[in-house]
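Since the structure comes first, as structure tokens, the remarks are kept for the end.
The values are calculated or read from the model by the stated rules, or taken from the named source; none is laboratory data. Source: prediction; values computed, not measured. Cβ placement follows ideal geometry from the backbone for every residue including glycine, while neighbour counts extend to all protein chains displayed.
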Amino acid sequence: MALVIKTRHLLLLVALCLGGSLAVVLLLPEQSAPADTTALISSVTPSEPQQARQTNLQIQQQSIHSLPALPPLPRSLRGTQHGVRLSSDEQGNLRLSADIPHLFDFYLSALSEEPLEVSLNRISQDLAAQLQGQALEQARDLLRRYLDFKIALGDLHSLPAILDSQGHYALDAITLRQQQVQALRQQHFSSAEYSLFFQEQDAYDAFMLEQLQLAQNPALDDSQRQQAIDSLEQQLPEPMRQAREQAMRETQVFEQAEQLKQQGASAAELFQLRAQALGAEAAQALAELDQRQAQWEQRLSRFEQERDSIRQSGLSPQDQQQAIAQLIEQRFEPDERLQVQALD
């Protein structure tokens, strides 16, 4: 049975397990999810954002009927579904919904496994399977603007760092970064799209900034600070507060599972921990990811040994490069080679 990823939180937890480390990025949801794709897009084309924009535009302008046949799904997407259902209104226009970006990110999350144009073709063909006419064209235009927005987010690395030299959060830098993110959203999306896609994120960003300000307020003692933070949390809308609590539970489960792994816990013990907190379906999915991750690490280890032997063989640099390229082709499937080349 295919696992339908229904929430960003489970997808985040899956991504954390695959990555093997926990990264907390404050205030910018676009940069915190796996499927958060901003970092992926930036890493795939770090010095070629204009080329990525051009590829994006070319695919959007191409007739849906002339798009090439797709290769098999990347391994990270096999057995999963995004669960997003699209529709048009009575006038044939795309009916906007808050989860449309999730459909885009679902496929873009595999950018480390396949080229950008393939991921964009997958999304376009998924859109065509659900929409037609002007609704389809509107959805494809939204995809183009969404990817351009993600590429533009990658340019924010030039802003001042959000941590100062002492490792403390710099509130002025965070505020400036958030203002730049909001400006990019307004630049790439209509007011209706902005409201649907980002209003909740804006509210949560404002909450996190207030929480930081309280945490750094020297006029408050620990008791007063905690009381103020608790009061602030109670002001969050109920769905957002529940989502925050769920995300914190999942992060806690992830950290506990990592500790158990380091202590040599069995697969059954890990499953019990996850099932109690997240349910049996999520626990089973994470158990399968553990197994796949272990197999992947074993294959990478064997590859690295063979690669190092080639580098120590006395061959010329050109012959070494050719031999390593042949080794990658022999040991890995096409959708795995980009990851291996990035690691090499």
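How about region 289-324: which of its residues are surrounded by 12 or more Cβ atoms within 10 Å (Cβ to Cβ) and closer than 19 Å to Asp335 by Cα?
Filtering region 289-324 down to residues surrounded by 12 or more Cβ atoms within 10 Å (Cβ to Cβ) leaves 289-290, 292-293, 296, 299-300, 303-304, 306-307, 310-311, 315, 319-324.
Leu289, Arg292, Gln293, Trp296, Arg299, Leu300, Phe303, Glu304, Ile324 - these are the residues of region 289-324 that are surrounded by 12 or more Cβ atoms within 10 Å (Cβ to Cβ) and closer than 19 Å to Asp335 by Cα.
Please work out if Ser32 is under 23 Å from Phe149 (Cα atoms) and at pLDDT below 85. In short, yes.
Given the residues Asp148, Asp126, Asp141, which is the only one that is in a helix (DSSP H, G or I) and closer than 21 Å to Asp202 by Cβ? So that I can check it myself, show each step before the final result.
On the way: Asp126 fails: closer than 21 Å to Asp202 by Cβ; Asp141 fails: closer than 21 Å to Asp202 by Cβ.
Being in a helix (DSSP H, G or I) and closer than 21 Å to Asp202 by Cβ holds for just one of Asp148, Asp126, Asp141, which is Asp148.
Determine which single condition Ala268 fails, assuming it passes every other condition in (1) farther than 29 Å from Val340 by Cβ; (2) aliphatic (A, V, I, L, M); (3) in contact with a strand residue (DSSP E or B) (Cβ under 6 Å, 6 or more places away or on another chain). That leaves (3) as the condition not met. For region 153-171, the candidate set comprises residues that are touching a Pro at 6+ places or on another chain (Cβ under 8 Å) and in a helix (DSSP H, G or I); within that set, the residue that is surrounded by the fewest Cβ atoms within 10 Å (Cβ to Cβ) is Asp155.
Among the candidates Gln234, Gln276, Gln263, single out the residue that is over 23 Å from the mean Cα position of the chain (by Cα) and either closer than 30 Å to Asp202 by Cα or touching a residue at least 24 places away in the same chain (Cβ under 8 Å) (or both).
Details: Gln276 fails: either closer than 30 Å to Asp202 by Cα or touching a residue at least 24 places away in the same chain (Cβ under 8 Å) (or both); Gln263 fails: either closer than 30 Å to Asp202 by Cα or touching a residue at least 24 places away in the same chain (Cβ under 8 Å) (or both).
Criteria check complete, one pass: Gln234.
Applying the condition of being part of a helix (DSSP H, G or I) and either more than 21 Å from the chain's Cα centre (by Cα) or outside the structural domain of Ala129 (by TED's automatic domain parsing) (or both) to region 60-108 and asking which residue is surrounded by the most Cβ atoms within 10 Å (Cβ to Cβ) yields Gln60. Is it the case that Gln211 is assigned to a helix (DSSP H, G or I) and exposed (fewer than 12 other Cβ atoms within 10 Å of the Cβ)? When the stated conditions are applied, Gln211 does not pass them. Residue pairs whose Cβ atoms lie under 7 Å apart, separated by 6 or more positions or on different chains, with the first residue in region 180-193 and free of Cβ contacts under 8 Å to residues at least 60 places away in the same chain and the second basic (Lys, Arg), are His188/Arg145; Phe189/Arg145.
Which residues, counting only those in region 127-168, are charged (D, E, K, R) and without any contact (Cβ under 8 Å) to a residue 24 or more places away in the chain? Spell out the reasoning first.
First pass over region 127-168, keeping only residues charged (D, E, K, R): 137, 140-141, 144-145, 148, 150, 155, 164.
Those that are charged (D, E, K, R) and without any contact (Cβ under 8 Å) to a residue 24 or more places away in the chain: Glu137, Asp164.
Annotation note: of Ala282, Ala247, Ala257, Ala294, the sole residue that is assigned to a helix (DSSP H, G or I), closer than 23 Å to Asp205 by Cβ and within 25 Å of the chain's Cα centre (by Cα) is Ala247.
Among the residues of region 292-320, which ones are touching a Ser or Thr at 6+ places or on another chain (Cβ under 8 Å) and touching a residue at least 12 places away in the same chain (Cβ under 8 Å)?
At the first step, the residues of region 292-320 found to be touching a Ser or Thr at 6+ places or on another chain (Cβ under 8 Å) are 320.
The answer is none; no residue qualifies.
Scanning region 244-271 for residues that are of a type in the set (D, E, K, R) and at pLDDT 90 or above returns Glu255, Glu258, Lys261, Glu269.
As a summary of the residue check, Gly264 satisfies the conditions (1) in contact with a helix residue (DSSP H, G or I) (Cβ under 9 Å, 6 or more places away or on another chain); (2) among the small types (Gly, Ala, Ser); (3) in a loop (DSSP other than H, G, I, E, B) except for the one numbered (1). Restricting Arg274, Arg241 to residues that are surrounded by 12 or more Cβ atoms within 10 Å (Cβ to Cβ), at pLDDT below 90 and assigned to a helix (DSSP H, G or I) narrows the list to Arg241. Put simply, of Gln293, Gln341 the only residue that is in contact with a Cys (Cβ under 9 Å, 6 or more places away or on another chain) and within 22 Å of Pro72 (Cα to Cα) is Gln293. Within region 184-196, can one find any residue that is surrounded by fewer than 19 Cβ atoms within 10 Å (Cβ to Cβ) and assigned to a strand (DSSP E or B)? No.
Each residue in region 234-253 was checked for being assigned by TED's automatic domain parsing to the domain that holds Ala206 and either touching a Leu at 6+ places or on another chain (Cβ under 6 Å) or on the phi > 0 side of the Ramachandran plot (or both), and 0 pass.
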